Structures are given as structure tokens and as C-alpha cells.
Amino acid sequence: MTAIEIRPVGWVTGGRVPVEDDGWGGVEAVIRLDGERFGPEALYGLGSFSHLEVVFHFDRVPEERVETGARHPRGNTGWPLIGIFAQRGKNRPNRLGVSRCKILRVDGLDVHVTGLDAVDGTPVLDLKPWMAEFGPRDTAFQPDWATELMRDYY
């Protein structure tokens with residue numbers, strides 16, 4: 001298999017320091033682009049969007065904690081055994097996270113956001129503006145355990 005090398009486009013600055021599962025709704029942070037690779041023009045126009053999708057690396061998850069099979073989400077045996085690709089946990093095979101957050105403002109190489117569920121120092125791999133047309137085109141649904149898990153997430 002061919003390895004893929006990805007360099008961060010920036011890092012999360014500020015916001016939450018400890019890794020926690022819930023309460024991300026009011027957390028403000030800054031995504032700071034790598035100034036050696038990008039200039040402010042890389043963010044031109046981003047401030048005209050309300051939300052942003054952020055692809056990042058769960059860099060604090062040790063390799064030995066990576067899950068490739070099924071588990072009970074958050075270790076809760078009251079929830080069913082769920083395959084790693086049917087949940088959004090951080091112990092994923094490539095340790096990739098995807099989050100949608102609100103853009104507060106863009107300032108130079110900094111994107112100020114709220115609701116990004118990544119901690120201070122997290123490597124950011126890509127940024128994409130959220131466009132409504134990329135949302136579900138049909139009615140979305142999910143199992144009850146997922147709704148219960150997400151109750152206090154934001």
C-alpha cells in the first residue's frame with residue numbers, strides 16, 4: 001500500500017486544552033495557517049461564509065488506542081457494539097477528525113471560530129467553507145444511541 005504524506009495547513013490555537021468529549025458549543029478557538037506556506041490571500045472570501053468544515057488530525061491518540069473493529073461508543077455497554085466506521089470517535093484508523101464550526105471572523109492568517117471540537121495545538125489538514133448544497137438532500141436519520149451520545153456535545 002502506498003503511504004500518503006499530508007502536511008498541516010495550520011494549527012488550532014487557543015480554545016480548550018484538555019481532551020474532553022462534551023461541551024464544545026461555546027468554545028472559541030483560532031485556526032492559524034502556516035505562514036511559511038500561505039499568505040492571507042489563501043483565506044480571501046472565507047469570511048463571507050457562516051460556517052467552515054475543518055479536517056484535522058487526532059494527534060494525541062496513541063497508535064495502540066486506534067480501533068479497527070467494533071466497540072461500544074464511549075465504552076458504554078448500554079449502547080450497541082458499533083463498527084469504527086459507523087461512529088465518529090477519535091480512535092479512528094487514520095486519526096482524522098472532521099468538524100463543522102461557526103466562523104466568527106477572518107484576520108490575516110487567523111480564522112476565529114466557535115464550536116470546533118479540536119484542542120489547542122491540533123494539526124489542521126484542510127479547511128472548506130460549508131455550503132448548504134453539501135448537506136443531506138434527503139431526510140437525515142440516525143439511531144437513538146447517537147442522539148443520546150450527542151445530547152451534550154455542543
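Take the alpha carbon gyration tensor of the range 1-54, find the square roots of its eigenvalues, order them as a ≥ b ≥ c, and report rounded if a/c is under 1.5; if not, report prolate when a/b exceeds b/c, else oblate. Because a/c hits 1.5 or more and a/b fails to exceed b/c, the range 1-54 counts as oblate. Max-minus-min Cα coordinates of the range 73-115 on each principal axis give 45, 22, 13 Å, with the largest extent listed first. With the helix formula -39500 (n - 2.57) applied to DSSP H stretches of n ≥ 4, the chain reaches a computed 222 nm mean residue ellipticity of -1000 deg cm²/dmol. Given the alternatives (i) 48, 37, 31; (ii) 55, 47, 35; (iii) 50, 33, 32, Cα extents along the principal axes in Å as computed for this entry is given by (i).
Each of G108, Q142, V66 was placed along the dipole of the range 36-154 (beta-carbon charges, centred on the mean Cα), and the one lying farthest toward the positive end is Q142. Each of V54, V98, G10 was placed along the dipole of the range 10-154 (beta-carbon charges, centred on the mean Cα), and the one lying farthest toward the positive end is V98. Given +1 at the Cβ of Lys and Arg, -1 at the Cβ of Asp and Glu and no other charges, the dipole of the chain around its Cα centre is 180 debye to the nearest 20.
Since every read-out is calculated from the coordinates, none of them should be taken as a lab result. Keep in mind it's a predicted model, so treat the numbers as computed, not measured. Positions of Cβ are backbone-derived with ideal geometry, glycine not excepted, and every protein chain shown enters the neighbour counts.
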